[in-house]
Every structure is written in structure tokens, then in C-alpha cells.
Amino acid sequence: MNVDSAGQPRTNWAGNVTYGAADFYRPATISQLQGVVARAAQIKVLATGHSFNDMADSPGAQVNLADLIPDVEVDSAASLARVPAGLSYGQLAPRLDDKGFALRNMASLPHISVAGACATATHGSGLANQNLAASIAALEFVTADGDLVELGRGDDSFPGAVVHLGALGVITRLVLETVPSFEVSQWVYEGLPLEVLDDHFTEIMSSGYSVSMFTDWRAPRLTQIWIKQLHDDPNPYAAPVPLAATAPPVAEAPWFTATPAPGERNPVPGASADSCTSQLGVPGRWYERLPHFRPDFTPSAGDELQSEFLLPIEDAVPAVHALNQIRASLAPVTLISEFRVIKADELWLSPGYRQDTVAFHFTWVPEMAAVLPVVALVEQQLAPFVPRPHWGKVFTATPETLHARYERLPDFLALARHYDPAGKFRNAYTARYLAR
């Protein structure tokens, strides 16, 4: 039985998926990993377990890469970092910063693995910031027969291999673009009516390097707005968005009709801010401010579910109104909902493929029976805007819908057949969502 160190059945972080894989491996070297993959009939990678579905499960074996040598190699002249796949962002970021380098952006949680986050096109926020996978300049992976392959920009299949859902092989290393280290200051504002977004959505989203809007849907208002601004040096290498004329003041004064939070906040109303990155305009290193949560704290006990839907940014305000129409259904099962924006990219299975997007994220109560009908209702409300679901979260879209919305999905499936003709990396997830 696939059990953890305490002898309990292995589950994902949220505990809503119990993995059925019979075997579990933690190789210490790449050669050991190649042997494990070559011998397995079916296998998938289990990283930090932050997917809320069975993407990482396998009818055969699972493999974890946390024991691989965690060396980070930085090419200062080229501003590139060669990163082992088993590292989390919380482990990687200080090592880069020590060498004077940074990543352009980070997700809300630094606890997630670099390889796993990139495999599902996970993202942060910012009108000039692409999803995390867009920083990949090359990737190395073990194929179904145990061979080691490297793809880089310029290779025809590279844009299809970056966001790969674990369907091509086992990623061993990534080469990431970096920029010079920088500092960020963070403010939180509270109580902005949703109607303000009608005329000011873009202004608000461009008021910082990274901006997040939050609501619990219990009233037609944003509970919080988190604004992360580059501190002092504008850092031209990070391509910041020019601050709007309505940028929030440092002083404690209203902004539009929102008021500055008088103390530090957690995005979830009533939750402790101890696990959150510092606010109130106190400057800090990029990796200490761009995530919402600190790596030395578990942001929650995992007692939640998550969904996310991404759609063209020009539809942001109509989509907010469409969701507000079902506020009575959303509120009872929502812990918090977050709106973010992401710059377009060229990665085939990215929700941001060739379109700037707005992301509507939902953190739900941990009750699948209550949540799933509301997820379907959200998808129904957003259907006119052709949303693309986040691959690692809870959604109900059919393969037909996914093929219609991810136009390069047929090309990706052909790529998967090329590297995995016998289906070693297929599982119930790929059968359910990618087959036609």
C-alpha cells in the first residue's frame, strides 16, 4: 500500500484525494530515477501534493524527487538558473537571492514545488507578469523508456512540453530565467464596492507590480485588495507596469472608497495573519512579499478545496457581475475568492495561451458534495466568456469543452504519444479530461 512516513494512506495536501498507487519511490540520483521509470509499467510524479484532483495518481507507482541533490546552478552572465525539480519555491528563492538574482513573480504559496507549479501553469498576478512556467528556458526529463531528454526554446515541441500535466515524463531539472534581486512593499485596502470595478478595474489592477482582489461573496464588495509595489528601485528588468495616477498613497488615507487596513491581514476573513507575508508598506525581499504566505508557516491545515477559471481580461467586469448574480450560492461554501490578472504566453496548455487573462480563484469549504454543484454553477455563469480551468484544481468541464477551449490540446496529445506511446504516464485524470 502507498503510505506516508506515519503509515497512513498517502493523500494530497487537501486530503480530498487518497492515492491508489501501489508503490512509492524516492530516488536519490538521476540514474536511480531512470531505472525506476524504465522498470515501471505505469508511474506518475507526486511533488508537494497541492493539486486538488487525481492528476498525480497512478494505477502503478508514484515517484517523489525531493531526495535528488538540490544544487542550484546560476549562470550570472546569462541570468539563468538550473534548478532541480524537487525544490519548492520557498527553498529556491533564498538561494537565488543570495546570488543577487530573483524570479519575476511567485504564486500565493511558496510551499509548492517549482516543477509541479510549472506543469500546471500556476501563476501569481500582474498585468506584465506571465505565469510561472513562462520563465522556463529549458527542461530536462526522463521519458518512458528511461532516457534523459532536454528541450529548450527554439525546439518545435518546447511550447507544448512546458505545461505538461505530467504526461510526457518525469521532469528532473528546469532552467529558469532570472532578473536582478529587488524589494517589494505591500499594502492592504479593505471594503471596496464591486461597482467601482465597472470603471476602474484596469486602474486598480495596474496600481502595483502585483495586485490581488478578494471577496467572500457575502456582500457586493471586495473584502481586501493586496497591492505589491516595487520598492525604491523600479527594477526595469522585471518589466513593471507604470503605476496609475490612482495608486494608493503610503499615508493612511482612503483610496477610492477603500480604506487602508490598520493592521496585517489574512485573505480569509477572521484568520490569523501570522502565516502571511508582511504588509503595512514594510519593504522586504521579493520572495518575502510576492507570495501571500510565508514558507515557514503552513497557511492552513489543508482543510479546503480550490477551483480557478481563467478568461480573457476584457471580460473581467462582466464576469464579476455574472458571479455576483449567484452570490447567494457562492457565499455558504466560499472561504475566500481571489481575482488576479496574468500576461499572455505561448505555452500550448496554459490558460493564458495567446490571451491576457483574468483569473477567478475560489477557496472552498472542504465538503466536495456541497462544493461540486456550485463549481458547476460557476462554470455555467462564466460559460459565455469561454473560461479555461486551472488543470490542478476542481472543475467539471468535459473533454469536448477542454478541446474547444485549449486549441493546442490535440497537438499536445500527439506530443504525449511521441514521448509515451504505451501510456506509462496516463491515469484516470488523463482519461477523464483529455480523451475524446
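The values are calculated or read from the model by the stated rules, or taken from the named source; none is laboratory data. Because the structure is a prediction, the values reported are computed rather than measured. Note that each Cβ is placed from the backbone with ideal geometry, even for glycine, and that neighbours are counted across all protein chains shown. Just the protein is used for accessible areas: all its heavy atoms, side chains included, with ligands, DNA and RNA removed. Shrake-Rupley method; radii C 1.70, N 1.55, O 1.52, S 1.80 Å.
For the peptides 351-360, 331-340, 189-198, the ranking by packing is 351-360, 331-340, 189-198, with the highest mean count of neighbouring Cβ atoms within 10 Å listed first. From its DSSP helices (H runs of at least four residues, each -39,500 (n - 2.57)), the chain gives a residue-normalised ellipticity at 222 nm of -6000 deg cm²/dmol. Three principal axis extents describe the C-alpha atoms of region 298-436; from largest down they are 47, 34, 30 Å. Computed with every protein chain present, the accessible area of D296 is close to 100 Å² [probe 1.4 Å].
At 27 Å minimum axial length over the Cα atoms and a Kyte-Doolittle cut of -0.5, report the qualifying DSSP H helices in the chain, or say none. Length and hydropathy pass: none found.
The mean of 1/r over all distinct Cα pairs in region 129-241, once inverted, gives the Kirkwood hydrodynamic radius of 17.4 Å. Classified by the C-alpha gyration tensor, region 101-160 has a prolate form. Its axis ratio a/c, with a ≥ b ≥ c, is 1.5 or above, and a/b is larger than b/c. Matching the structure-derived Cα extents along the principal axes in Å against the labelled list (i) 63, 50, 44; (ii) 69, 55, 43; (iii) 76, 49, 38 gives the label (i).
Report the extension gain between E346 and E190 in nm, rounded to one decimal, defined as 0.36 nm multiplied by the number of residues separating them, less their alpha carbon distance. Mind dumping the intermediate values first?
Working: separation 156, 0.36 × 156 = 56.16 nm, distance 3.53 nm.
Residue separation times 0.36 nm, minus the Cα-Cα distance, leaves 52.6 nm.
With a Cα cut-off of under 21 Å and a minimum spacing of 8 residues unless on different chains, the lysine pairs in the chain number 4.
What is the sum of charges, Lys and Arg at +1 and Asp and Glu at -1, for the other residues whose Cβ falls under 13 Å from the Cβ of L87? Once all neighbours under 13 Å are counted, the net charge is 0. Amide H contacts of Y25: Q62, V63, N64, each under 5 Å away and 5 or more positions distant or on a separate chain (H built 1.01 Å from N in the peptide plane; Pro and chain starts excluded). Using only protein heavy atoms and a 1.4 Å probe, report how much of R405 is accessible, in Å² to the nearest 10. Its accessible surface works out to 50 Å², give or take rounding. With all protein chains in place and a 1.4 Å probe, the accessible surface of the chain carries 52 percent carbon and sulfur.
Viscosity 0.890 mPa s, temperature 25 °C: give me the Stokes-Einstein translational D for region 322-402 in µm²/s, with Rh taken as the Kirkwood radius over C-alpha pairs.
Details: Rh = 13.6 Å.
Here the translational diffusion coefficient equals 180 µm²/s.
What separates the Cα centres of region 360-417 and region 123-144 is a distance of 20 Å.
Each Lys or Arg adds one and each Asp or Glu takes one away; over the other residues whose Cβ falls under 14 Å from the Cβ of A78, this sums to 0.
Contact order normalised by length for the chain, with contacts defined as Cα pairs under 8 Å and 6 or more residues apart; what percent is it? Mind dumping the intermediate values first?
On the way: 987 pairs, mean separation 76.5, N = 436.
Over the chain, the number comes to 18 percent.
In percent, how large is the relative contact order of region 1-108, given Cα pairs closer than 8 Å and 6 or more residues apart? Can you show the working numbers first?
Working: 162 pairs, mean separation 23.5, N = 108.
Reported as a whole number, the value is 22 percent.
Size descriptors for region 263-365 (Cα atoms only): Rg and Dmax, in that order, 15.7, 42 Å.
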